[in-house]
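The values are calculated or read from the model by the stated rules, or taken from the named source; none is laboratory data. Since we're looking at a predicted model, the values are computed, not measured. Cβ: placed from backbone, ideal geometry, glycine included. Neighbour counts: every protein chain shown. The protein model used for the area step is the full one, side chains on, heavy atoms only, and it has no ligands, DNA or RNA in it. Shrake-Rupley method; radii C 1.70, N 1.55, O 1.52, S 1.80 Å.
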Amino acid sequence: VSTQSTGGLICVEQFIPLYEKCTDDNRLIFTLLEILSEKIRSSPIGNKKQLFGELESAVPVNTFLYLAKLFARNKQHIIDLATGVDLPEGAVTVRILHILANVTGLWEHYTRITHNTPFLECVVKVLNEINSQQPIKFDQPKEEVTPDGSFAIRREIIRIITNMSCNNKAHQDKVRVLGGVHTILNHCVVDKQNPYLPQWSIVAIRMLTDNNQENQDIIRSLQSTGIVQDKEMEKLGIEVLKMDGEKPRAAAVHPTD
């Protein structure tokens, strides 16, 4: 790949056409995504407002809208990867999800991503389908634990939902209507093999219930049989509950004033 550079290895305005040219080479695509990730991390970000009220950013928002469209276009591949199907584009898929998860956390710079409700709907539906096809299993023997790649997909999807629901009542409600609150609750489990998955799930529940009475009511309606104490979760006002047996399966969020 030969490109003109402006302050980096790649001119970010050319990312989309370059990506389109490399669609048959996962190695090159992964390299482009790595360069894009580095550009996001290392490039200065300004305070000047641009079109749509977004702050000036190192990478054009259209780049990430394009990646969001790729997510929607390849949603079945994402579901397959997350449910154990071995596909050659697995590493590329996880990297795209990681980038989208990072970018949706930059609210002031990428409003058109963070407020993109159709994208959120697609993400929630994909997570629901993954959970439907392959529900989380707990306390599996170590040699039987699902490879980290599949859990990484769930984790990054939940990160996206978390970011897009932060201080956004419409998106909080959308996740509830689509059944996403219950799906995320199923991931709020202390799992030593995949520690970041329940942690992000717990943060997601926190964001989804923030100033949202309807979502809080879902948590309160759960019938629990006990509480699993966890100091880090208590700091967030969260309790992990035992549901339908001995394994912790849900998080109860106690709103703070």
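Here are some notes:
- Residues of the stretch 59-77 satisfying the condition of being of a type in the set (V, I, T) and either in a helix (DSSP H, G or I) or open to solvent by 10 Å² or more (accessible area, probe 1.4 Å) (or both): V61, T63
- Boolean, E56 is loosely packed, with under 14 Cβ neighbours inside 10 Å and at pLDDT 85 or above: no
- Selection of the stretch 135-163 for residues being assigned to a loop (DSSP other than H, G, I, E, B) and either modelled with pLDDT of 95 or more or of a type in the set (K, R) (or both) yields only K137.
- Residues that are at pLDDT below 95 and in a helix (DSSP H, G or I) within the stretch 164-190 comprise V181, H182, T183, I184, L185, listed in sequence order.
- Residue match in the stretch 208-218 (condition: at pLDDT 55 or above, open to solvent by less than 70 Å² (accessible area, probe 1.4 Å), under 19 Å from E156 (Cα atoms) and touching a helix residue (DSSP H, G or I) at 6+ places or on another chain (Cβ under 8 Å)): yes
- Residues within the stretch 55-84 that are in contact with a Ser or Thr (Cβ under 9 Å, 6 or more places away or on another chain), within 26 Å of I136 (Cβ to Cβ) and among the β-branched types (V, I, T), tallied: 2
- Out of D80, D86, one residue alone is open to solvent by 20 Å² or more (accessible area, probe 1.4 Å), part of a helix (DSSP H, G or I), of a type outside the set (S, T, Y) and free of Cβ contacts under 8 Å to residues at least 12 places away in the same chain. It is D80.
- Among the residues listed as V126, V103, the single one being free of Cβ contacts under 8 Å to residues at least 60 places away in the same chain and either within 13 Å of the chain's Cα centre (by Cα) or crowded, with 18+ Cβ neighbours inside 10 Å (or both): V126
- Residues of the stretch 34-53 that turn out to be open to solvent by 30 Å² or more (accessible area, probe 1.4 Å) and at pLDDT below 55, as a count: 9
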